Amino acid sequence: MIRRMNNIDNEINEVMDIWLESTIKAHDFIPEDYWRKNYDMVKDVYIPQSETYLYIEDGKILGFVSIINKEFIGALFVSRRQQGMGIGKKLIEFSKALYKVLSLAVYKENYQAVRFYESVGFKCIREQLNEDTNEAEYIMSTD
């Protein structure tokens with residue numbers, strides 16, 4: 001089941017556990033400390049400002065997607081133990097049904113994520129340096 005996060009106080013810790021574990025694993029080319037330092041910003045600012053949708057199975061959050069300004073995917077993460085089971089694809093399909101055009105930024109070196117986004121219809125529209133990490137990233141869009 002996919003539904004909007006509606007009780008941030010009760011659900012945010014599960015979402016943040018998925019975010020931290022998956023982010024560190026997917027971005028091993030960026031020091032882990034960077035993600036830990038940004039944890040509170042993501043939890044207290046970015047997640048509450050976005051429309052976050054949860055993939056829930058048996059009452060447990062297994063993944064989520066956060067959409068900013070009805071267009072930009074700020075986060076798409078699936079619990080590491082459930083990756084490769086189609087949850088990310090379902091979250092993208094759900095998001096595409098809600099929003100006409102979607103875009104996102106993904107680190108160029110995160111090869112698995114780049115391939116995933118291409119497989120669900122995103123195309124690279126430009127490459128740039130992420131100003132926080134100084135790492136190359138792609139801006140991708142469904143348009």
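What follows draws every value from the coordinates through simple rules; no lab data is involved. Everything quoted here is computed from the prediction, not taken from an experiment. Ideal geometry is used to build each Cβ from the backbone, glycine not excepted, and the neighbour counts take in all protein chains shown.
Worth a mention:
- Residues in the range 48-90 that are outside any strand (DSSP E or B) and either farther than 23 Å from residue 9 by Cβ or touching a residue at least 40 places away in the same chain (Cβ under 8 Å) (or both): 16 in all.
- Hey, residue 40 surrounded by 12 or more Cβ atoms within 10 Å (Cβ to Cβ), over 27 Å from residue 142 (Cβ atoms) and out of contact with any Cys (no Cβ under 8 Å at 6 or more places or on another chain) or not: no
- Among the conditions (1) more than 16 Å from residue 26 (Cα to Cα); (2) in contact with a strand residue (DSSP E or B) (Cβ under 6 Å, 6 or more places away or on another chain); (3) in a strand (DSSP E or B), the only one that residue 94 does not satisfy is (3).
- Every residue from the range 111-140 that is of a type in the set (S, T, N, Q) and more than 17 Å from residue 72 (Cβ to Cβ): 112, 119, 133, 134
- Boolean, residue 34 is in contact (Cβ under 8 Å) with a residue 40 or more places away in the chain, assigned to a helix (DSSP H, G or I) and surrounded by 12 or more Cβ atoms within 10 Å (Cβ to Cβ): yes
- Residues in the range 109-135 that are part of a loop (DSSP other than H, G, I, E, B) and under 15 Å from the mean Cα position of the chain (by Cα): 110, 120, 122.
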